[in-house]
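In what follows, a structure is listed as structure tokens, so that the remarks can point back to it.
The values are calculated or read from the model by the stated rules, or taken from the named source; none is laboratory data. All figures in this text were calculated on a predicted structure; none of them were measured in a lab. A quick note on method: Cβ atoms are made from the backbone with ideal geometry, for glycine too, and the neighbour counts reach across all protein chains shown. We work out accessible area using only protein heavy atoms, side chains counted, and drop any ligands, DNA or RNA first. Shrake-Rupley method; radii C 1.70, N 1.55, O 1.52, S 1.80 Å.
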Amino acid sequence: GEDVEQSLFLSVREGDSSVINCTYTDSSSTYLYWYKQEPGAGLQLLTYIFSNMDMKQDQRLTVLLNKKDKHLSLRIADTQTGDSAIYFCAETYSSASKIIFGSGTRLSIRP
Amino acid sequence: GAVVSQHPSWVICKSGTSVKIECRSLDFQATTMFWYRQFPKQSLMLMATSNEGSKATYEQGVEKDKFLINHASLTLSTLTVTSAHPEDSSFYICSARPREENTEAFFGQGTRLTVV
């Protein structure tokens, strides 16, 4: 079945880069997403990548996809205190399919 | 980007009563809407997939008679928690997808339900 796994916590120093990793099991995944959730709030789509891409960059965010290893990562450059949140990796097969979420990685920023 | 509105944002109800949560896509038509449940410090668990004009498809372990889903139009889906109990207290989030292919899913801001 489908499964998406992430580490639960990550702590980085302000100004450093954060790298959040994710692995998934469904090789038919077509869309892979990164969502951000701040306390008590809904989900904000940060970025997504199609399975036929290896990398996508959007300002401070870089997504890397290793389809062979089913590994997805999100790199946040110059991490700021406002980046503190829970980051969810998610995947889906098609636009009509359900989205499967990872457990979420809680990113904390230290001065 | 597209907007999905959930109402109410939070609700407190007495045990045994029913609560209805609305999910609206404000500027697009959503053939499919999804309902998720999130416990504190946990991930989102899909409860059901709702297709306009047909019965919802529930995930394993989700009681369809307990969580009634209605998707009467292309812009509105409702989740009714019937005979709520304290263990139903949770954060409920809906998601809607536009009809077009290759589009992202948009999430509502969530509804925090507290049953006392």
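For A:Gly104, work out the one condition from (1) open to solvent by 40 Å² or more (accessible area, probe 1.4 Å); (2) within 10 Å of another protein chain (Cβ to nearest Cβ); (3) under 24 Å from B:Lys41 (Cβ atoms) it doesn't fulfil.
All conditions are met except number (1).
Report the residue count in the range A:65-94 for those that are of a type outside the set (A, V, I, L, M, F, W, C), open to solvent by 10 Å² or more (accessible area, probe 1.4 Å) and within 14 Å of another protein chain (Cβ to nearest Cβ).
2
Applying the selection to the range B:1-21, what residues are under 16 Å from B:Arg37 (Cα atoms), in contact with a His (Cβ under 9 Å, 6 or more places away or on another chain) and in a loop (DSSP other than H, G, I, E, B)?
none
Hey, does the range B:96-107 have a residue that's modelled with pLDDT of 95 or more and under 10 Å from the mean Cα position of the chain (by Cα)?
First pass over the range B:96-107, keeping only residues modelled with pLDDT of 95 or more: none.
No, that holds for no residue.
Evaluate the range A:22-38: report whether one residue or more is within 30 Å of B:Pro8 (Cβ to Cβ) and open to solvent by 60 Å² or more (accessible area, probe 1.4 Å). Don't jump to the end; show me each part of the working.
Filtering the range A:22-38 for residues within 30 Å of B:Pro8 (Cβ to Cβ) gives A:33-38.
After this cut, where a residue has to be open to solvent by 60 Å² or more (accessible area, probe 1.4 Å) as well, the list is A:38.
Yes, because at least one residue in the range A:22-38 is within 30 Å of B:Pro8 (Cβ to Cβ) and open to solvent by 60 Å² or more (accessible area, probe 1.4 Å).
One line per residue, one yes/no per condition, for (1) surrounded by fewer than 18 Cβ atoms within 10 Å (Cβ to Cβ); (2) closer than 22 Å to A:Gly42 by Cα; (3) of a type in the set (A, V, I, L, M):
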residue	(1), (2), (3)
B:Ala56	no, no, yes
B:Glu59	yes, yes, no
B:Val62	yes, yes, yes
B:Asp65	yes, no, no
B:Thr75	no, yes, no
B:Tyr92	no, yes, no
B:Val116	yes, no, yes
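Restricting attention to the range A:60-111, which residues are among the basic types (Lys, Arg) and part of a strand (DSSP E or B)? So that I can check it myself, show each step before the final result.
Start the filter on the range A:60-111 by keeping residues that are among the basic types (Lys, Arg), which leaves A:60, A:67-68, A:70, A:75, A:98, A:106, A:110.
Residues satisfying the conditions are A:Arg75, A:Arg106, A:Arg110.
Pick out the one residue from B:Lys55, B:Lys41 that is within 11 Å of chain A (Cβ to nearest Cβ) and either acidic (Asp, Glu) or part of a loop (DSSP other than H, G, I, E, B) (or both).
On the way: B:Lys55 fails: within 11 Å of chain A (Cβ to nearest Cβ).
Step by step, each of B:Lys55, B:Lys41 is checked, and only B:Lys41 is within 11 Å of chain A (Cβ to nearest Cβ) and either acidic (Asp, Glu) or part of a loop (DSSP other than H, G, I, E, B) (or both).
More than 28 Å from A:Glu5 (Cα to Cα), within 16 Å of the chain's Cα centre (by Cα), within 13 Å of chain A (Cβ to nearest Cβ) and open to solvent by 30 Å² or more (accessible area, probe 1.4 Å): is that true of B:Ser18 in this structure? Spell out how you get there, then give the answer.
Working: more than 28 Å from A:Glu5 (Cα to Cα): yes; within 16 Å of the chain's Cα centre (by Cα): yes; within 13 Å of chain A (Cβ to nearest Cβ): no; open to solvent by 30 Å² or more (accessible area, probe 1.4 Å): yes.
Against the criterion (more than 28 Å from A:Glu5 (Cα to Cα), within 16 Å of the chain's Cα centre (by Cα), within 13 Å of chain A (Cβ to nearest Cβ) and open to solvent by 30 Å² or more (accessible area, probe 1.4 Å)), B:Ser18 does not qualify.
Which residues, counting only those in the range A:20-50, are part of a loop (DSSP other than H, G, I, E, B), within 12 Å of another protein chain (Cβ to nearest Cβ) and at negative phi?
Step one: of the range A:20-50, the residues part of a loop (DSSP other than H, G, I, E, B) are A:25-30, A:38-42.
Subset that is within 12 Å of another protein chain (Cβ to nearest Cβ): A:30, A:38-42.
Once the filter is applied, which keeps residues that are part of a loop (DSSP other than H, G, I, E, B), within 12 Å of another protein chain (Cβ to nearest Cβ) and at negative phi, the range A:20-50 yields A:Thr30, A:Glu38, A:Pro39, A:Ala41, A:Gly42.
If you check B:Ser83 against the conditions, is it surrounded by fewer than 14 Cβ atoms within 10 Å (Cβ to Cβ) and out of contact with any His (no Cβ under 8 Å at 6 or more places or on another chain)? Show your work before the answer.
On the way: surrounded by fewer than 14 Cβ atoms within 10 Å (Cβ to Cβ): yes; out of contact with any His (no Cβ under 8 Å at 6 or more places or on another chain): yes.
So B:Ser83 fits the description; yes.
What is the one condition in (1) open to solvent by 60 Å² or more (accessible area, probe 1.4 Å); (2) within 18 Å of A:Ala77 (Cα to Cα) that A:Leu45 does not satisfy?
Of everything listed in (1) open to solvent by 60 Å² or more (accessible area, probe 1.4 Å); (2) within 18 Å of A:Ala77 (Cα to Cα), A:Leu45 misses just condition (1).
Failed condition for B:Phe34, given (1) open to solvent by 70 Å² or more (accessible area, probe 1.4 Å); (2) facing another protein chain (nearest Cβ under 8 Å), with all others met?
With respect to (1) open to solvent by 70 Å² or more (accessible area, probe 1.4 Å); (2) facing another protein chain (nearest Cβ under 8 Å), B:Phe34 is out only on (1).
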